[in-house]
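The values are calculated or read from the model by the stated rules, or taken from the named source; none is laboratory data. Everything numeric here is computed off the predicted structure, so don't read it as measured data. Don't worry about glycine lacking a Cβ; one is built from the backbone with ideal geometry, like all the others, and counts go over all protein chains shown.
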Amino acid sequence: MIERFGELPDDVDELKALALDALARVDRSETDAQALRSQTSSLTAKVEDLTQTNAAAKAEIDRLTSIIKTLHRDRFGKRSEKLGADDAEQQSFVFEEVETGLATIDARLAAKADAKPRKAPRDKPRFPSHLERVEEILEPEIPEELQGKERVEIGREESVRLDVVRARFRLIVTIRPKYAYKDPAAILQAPAPEHIVEAGLPTEALLAQVAVSKYADGLPLYRQEAIYLRDGVELGRSLMAQWMGAVGFHFEPLAAHVLARIREGERIFADETTLPTLSPGAGKTKTSWLWAYARDDRPFGGAGPPMVAYRFEESRSGDCAARHLGDYRGILQCDGYAGYRKLAGAPHSNGLHLAGCWAHLRRRFFELHANGESIVATATVEQMKLLWAVEEEVRGQPPQARLAARRVTSVDIVQALFDLWERELPRISG
C-alpha cells in the first residue's frame, strides 16, 4: 500500500527515490499475494483430496459395519437368520474381510498423513530355524573426496522380510543306459525305479502337493487344475482323482498302523463330526461322518508320540466305533453320544471304560452364559474355571501327582457342581 505523504520533497532525486521505493513495495505486495493464492489453491486441493479419502474410508467402514451386523445376527439372531451348517468357515471369512478392510483404511489414511519416522516393531516375529536366510548388504555411495580413505564400521541396521519362492514345475528325465557284453554274453540295464503310479506321470513330490492341497488345505481338484494351467501344465481333475486313488491305496497300511498304535495306548480320545459329501446323481450333497481317534500322552507325562487317525463313514451308527476300536480295553474319552455308551455296555467290552469329556459338557453351559440367558449356566462356568486351573497346574506331571492334586482340590469342586445341578434339576421341565 502506498503511503500518503503530508509533504513531498522539492528535490527531484528524492522524489525519484520515493517513487522507486513505492514501486518496490507494490511488487512485494503482488508477490506475497501470488504466494498466498498458490498456498490457498494447494490447501484447497489437499482438503478436497482428504474429503475424498474420508468419504472412501466412511464407505468402507459402513461396509464393515454391515458385515459385523451380519455376524452379530448369526451369533444372536433367530435360527432362520443364521449362516447355516458351515457357520464356522463363514465366520472365518467374515473376520478375514474385516481385517482386510481395516488394513485398507489404515493404508489409505497413512498415505495422506504427513510423513513420520518409522518405528521398529516391539516384538520381532519368530521364524523356524530351517528357513533359508539370504543376506543382502547395501553399501552406501562413497563421495569422491572419501574414495580410498580409511573407514571403520560403527554399527549396522538390520531388517527382516519374509519371502517365498513359488512352486515351479520341472521334468525329471530318467535315463537307463543298456549295455551289451560279448564275452561272456550279457545285457545289463538298471531296473526301473518303483513309483506310486506305475508308468505314470507324477513324481512323489507332485502327488504330495496335490494331496496336501486337496485334503489339508481344502483346495478341490478343479481349482488345482486352473492353478496349474497358469503355468501351461494341463492336469485334468479326473487324472488327478485317479492319482489320489492310488495314493489312498498305498497309504492304507500306514493308516491302519497309526490306528493300531493308537489302540495300544491307555486312553483314546474319540469324536465324530459331519462331513458334507457329493451324492452322485442327486445333484446335491449328503451328510456323511468323519470319525477321529487321537492319542496324546504329553499332557499326562507320557513319552509316546501324538497321533490321530480318521475314518470316513456314511453313518453315525455305534457299529462304526465298534468296528474301528475292535477289542480295545482302555479308557475312551468322548462326549455323551449314545453310540459310545452302547459300545461300553456290550458283553465283550470288559475293560473298556468311558471317560466323559468336560470340554463337551462345558460347551452348552458356556453358550447360555455368553448369551446371558441362565444364572445357573454362569455359576457352572465360573465353578469349572477352578477345575481348569487345577489341570493347568498338574499338566505334564506323573499320574500319581495329578491324582493326588485332584483328590485334594478337584473332588470338592466337582461335588459343588453336582450340588448346584441337583438343586436346580427339580425346577427344570422334563
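Name the residue that is nearest to the chain's Cα centre (by Cα), counting only residues in the range 147-200 that are surrounded by 10 or more Cβ atoms within 10 Å (Cβ to Cβ) and in a loop (DSSP other than H, G, I, E, B). Per the criteria, the residue is Ala167. Can you confirm whether the range 138-146 contains a residue that is in contact with a Lys or Arg (Cβ under 6 Å, 6 or more places away or on another chain) and surrounded by 10 or more Cβ atoms within 10 Å (Cβ to Cβ)? No, every residue in the range 138-146 fails to be in contact with a Lys or Arg (Cβ under 6 Å, 6 or more places away or on another chain) and surrounded by 10 or more Cβ atoms within 10 Å (Cβ to Cβ). Among all positions in the range 204-216, there is no residue which is assigned to a loop (DSSP other than H, G, I, E, B) and of a type in the set (Ser, Thr, Tyr). The condition of being surrounded by 11 or more Cβ atoms within 10 Å (Cβ to Cβ), assigned to a loop (DSSP other than H, G, I, E, B) and over 24 Å from the mean Cα position of the chain (by Cα) holds for only one of Gly265, Gly248, that being Gly265. When Gly351, Gly356, Gly336 are checked against the criterion of being surrounded by fewer than 13 Cβ atoms within 10 Å (Cβ to Cβ), of a type in the set (Gly, Ala, Ser) and more than 22 Å from Asp297 (Cβ to Cβ), Gly336 stands alone in meeting it. Look at Ala270 and say whether it is touching a residue at least 24 places away in the same chain (Cβ under 8 Å), of a type in the set (Gly, Ala, Ser) and assigned by TED's automatic domain parsing to the domain that holds Arg341. Here the answer is yes, as Ala270 does meet what is asked.
Entry remark, the range 389-415: residues being loosely packed, with under 14 Cβ neighbours inside 10 Å and assigned to a helix (DSSP H, G or I) number 13 in total.
Using the structure shown, decide if Thr277 is surrounded by 12 or more Cβ atoms within 10 Å (Cβ to Cβ) and either in contact with a strand residue (DSSP E or B) (Cβ under 8 Å, 6 or more places away or on another chain) or among the β-branched types (Val, Ile, Thr) (or both). For Thr277, the condition - surrounded by 12 or more Cβ atoms within 10 Å (Cβ to Cβ) and either in contact with a strand residue (DSSP E or B) (Cβ under 8 Å, 6 or more places away or on another chain) or among the β-branched types (Val, Ile, Thr) (or both) - is met. Apart from one condition, Ala377 fits all of (1) of a type outside the set (Phe, Trp, Tyr); (2) touching a residue at least 40 places away in the same chain (Cβ under 8 Å); (3) in contact with a His (Cβ under 6 Å, 6 or more places away or on another chain); the exception is (2). Entry remark, the range 277-322: residues being at pLDDT 85 or above, in a strand (DSSP E or B), farther than 18 Å from Glu252 by Cβ and basic (Lys, Arg) number 2 in total.
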